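Peer 1: Sharing a structure here in structure tokens format.
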Amino acid sequence: MSEQLSRGLPPIDDEYQGPSWWHFSRLLDAGKNPGMRRIAVLGAAVLAVSLATGILNVTLDWNGIPLVLGPVVVPVTLYPPFVLSLLAAVWLGPTWGLVPAYTANLASAVVGGMPPVTAVLFALAGALEVLIFWGSMVTLNISPELRRWRDLARFLLVCLIAPITASLAVLLWNTAHGYDTSEGLRFWRGWVIGDILQALLVVAPLLRLAGPRARSWIDRQFATPPRYEVTYTRAAMLAAVTFSLIAVLVFVGIYMLQESLGLDASTRTTSGDLLVPRLREMQVYLGVLVAALTVAASVFSTVLARMGERQRSLSRRESLTGCFNRRAFYELFPREAERARRLGQGVAIVFLDLDHFKSINDRHGHETGDRVLQQLAARLRGIIRETDLLFRWGGEEFVILMPHTGPGEAPSLGERIRAAVAERPFAGSDAHPAVPVTVSVGVASSAAWPMDPDVILGCADAACYRAKEGGRNRVESQGAA
């Protein structure tokens, strides 16, 4: 039994507070889940409005609208699909935003007279911009509600980076429409400034003011919990693909620009060389450079990502049983508690201690004791729910974090765990083929906010102590108001 619970609570800045998301495949549940049907209707509405406003952007020429600011005239492009797609990505997940972003861009490019193949490539720019926004918010740990000044400062940085990066695809648009330098510059500046202003003046206020209610409503529609973390490897691959596509768009744009010059085959440089072959040579070198940089960046990013993934896993897992450790508990608890708060539900903690574990070690040896711990962890994983999290707290003690659990549910869950452990003995060594094991279980739950993990842990620990004092192999519960 723990004599004292170690607080070890990390500072708030170390906790992940970035966007959560659901996989796009959840739409397959729409036939049997009313909440998912509402999400499907919402997604269809976002797609329809994005398509309509994307087409209006071209037909009504909302590109590069002059905005007079005193003596300065600033071109601004109004593109509502960007706002809708970005909100969908932050509140639902990246794919939920990429689909309307790409579809709207494709429709506006085709309606604007761009050749189909070029339109397919150009449409990637809008999707990539949304992906850069979302990926940056996850990587930089930016709260979707922009609740801290640090979140606002980082969001401002992303507002500058994402539009400028994605707007490099403007080469495709300008070349396809034969714009001269001044007209092309107006279109490019309108794209960048327009998206920055829309992100700051429309998206940011909506995230801050409407975000909590919107995310709470969305949470209630899904039957499964959202995801919160992207693995290092997946993040590296995502970054490599994103910037590779941007490089391809720029390369194709430069190629189209050179082709649009309409140079005569006999045109020569000042040194007397034919100009067209030299330009072709530059295209080849540029293509090789883009390919080499893409491959090199992908390889190094993947290697570093795998190293980081391994270190992260080792820092959060206990080596003998593979369970999460104490450090992981204090990292994961705020995330689960916040989701439970938005859903209007409580959080429960089960604290369990193996009975007479010292006797098992003394009688059968430490190797058998380790084997019992490993098998107990495996059995617990098969008992707990998909949303529950298992931690080895130290020695023969384990903690189970049960989010979205009310006070009435917690004792019955604890009893189910106790019964499943005592149901059949654990396999020992060859000399001791079966080792009967029981556990004393303490359960505590709370739905009071703000929620202190150490308070609930202390109540569960105290309840577990009473279970051992009361004869072991039993469950005791205690509230943590």
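The values are calculated or read from the model by the stated rules, or taken from the named source; none is laboratory data. Keep in mind that this is a model prediction, so the values were computed, not measured. Counting neighbours? That spans all protein chains shown, and the Cβs are built from the backbone with ideal geometry, glycine included. The accessibility values were calculated without ligands, DNA or RNA, using every heavy atom of the protein model including side chains. Shrake-Rupley method; radii C 1.70, N 1.55, O 1.52, S 1.80 Å.
Peer 1: Counting only other residues whose beta carbon sits under 10 Å from that of Arg342, what net charge do I get with K and R as +1, D and E as -1? List each step's numbers first, then the result.
Peer 2: Numbers: positive: Arg213, Arg215, Arg220, Arg339, Arg341; negative: Asp219, Glu338.
Net local charge, Arg342 excluded: +3.
Peer 1: To check you understand DSSP bridge types, tell me what percent of the beta bridges within segment 374-481 (both residues inside) are antiparallel, rounded to 5.
Peer 2: Working: 7 of 12 bridges.
Beta bridges within segment 374-481, antiparallel portion: roughly 60 percent.
Peer 1: With the contact rule set at Cα under 8 Å and sequence spacing of 6 or more, what percent relative contact order holds for segment 117-199?
Peer 2: Numbers: 47 pairs, mean separation 26.7, N = 83.
That works out to 32 percent.
Peer 1: Can you send over the carbon and sulfur percentage of the accessible area for segment 33-144, probe radius 1.4 Å, protein chains only? Please list the in-between numbers first.
Peer 2: Numbers: 3320 of 4160 Å².
Roughly 80 percent, rounded to a whole number.
Peer 1: Right, something else. Quick one: what are the phi-derived ³J(HN,Hα) couplings along segment 151-164, Karplus 6.51/-1.76/1.60 with θ = phi - 60°, whole Hz, x for glycine and proline?
Peer 2: 4, 5, 5, 5, 5, 4, 4, 5, 4, 8, 6, 4, x, 5
Peer 1: Is there a quick way to get the dipole size of segment 11-149? I mean about its Cα centre, with the Cβ of Lys and Arg at +1 and of Asp and Glu at -1; what is the value in debye to the nearest 20?
Peer 2: Values: 6 positive and 7 negative charges, 87 e Å.
Charge dipole of segment 11-149: 420 debye, to the nearest 20.
Peer 1: Give the carbon-plus-sulfur fraction of the accessible surface of segment 350-407 in %, rounded to a whole number; probe 1.4 Å, heavy atoms of protein chains only. Walk me through the numbers on the way to the answer.
Peer 2: Working: 1050 of 2240 Å².
Roughly 47 percent of what the probe reaches on segment 350-407 is carbon or sulfur.
Peer 1: While we're here: Using Cα pairs under 8 angstrom and six or more residues apart, how large is the relative contact order of segment 71-149, in percent?
Peer 2: Working: 66 pairs, mean separation 23.0, N = 79.
Once divided by the residue count of segment 71-149, the mean separation gives 29 percent.
Peer 1: Can I ask one more? Return the whole-Å distance between the Cα centroid of segment 337-379 and the Cα centroid of segment 70-137.
Peer 2: 49
Peer 1: Quick check: Cα centre of segment 32-63 to Cα centre of segment 393-417, how many Å?
Peer 2: Going from one Cα centre to the other spans 43 Å.
Peer 1: Turning to a different aspect of this structure: Put +1 on the Cβ of every Lys and Arg and -1 on every Asp and Glu Cβ in segment 346-480; which of Gly408, Asn473, Thr387 then has its Cα farthest towards the positive end of the dipole?
Peer 2: Value: Asn473.
Peer 1: In addition: What percent do you get for the relative contact order of segment 376-446 when only Cα pairs under 8 Å and 6+ apart count? Could you put the intermediate results ahead of the total?
Peer 2: Numbers: 69 pairs, mean separation 19.6, N = 71.
With pairs under 8 Å counted, the relative contact order is 28 percent.
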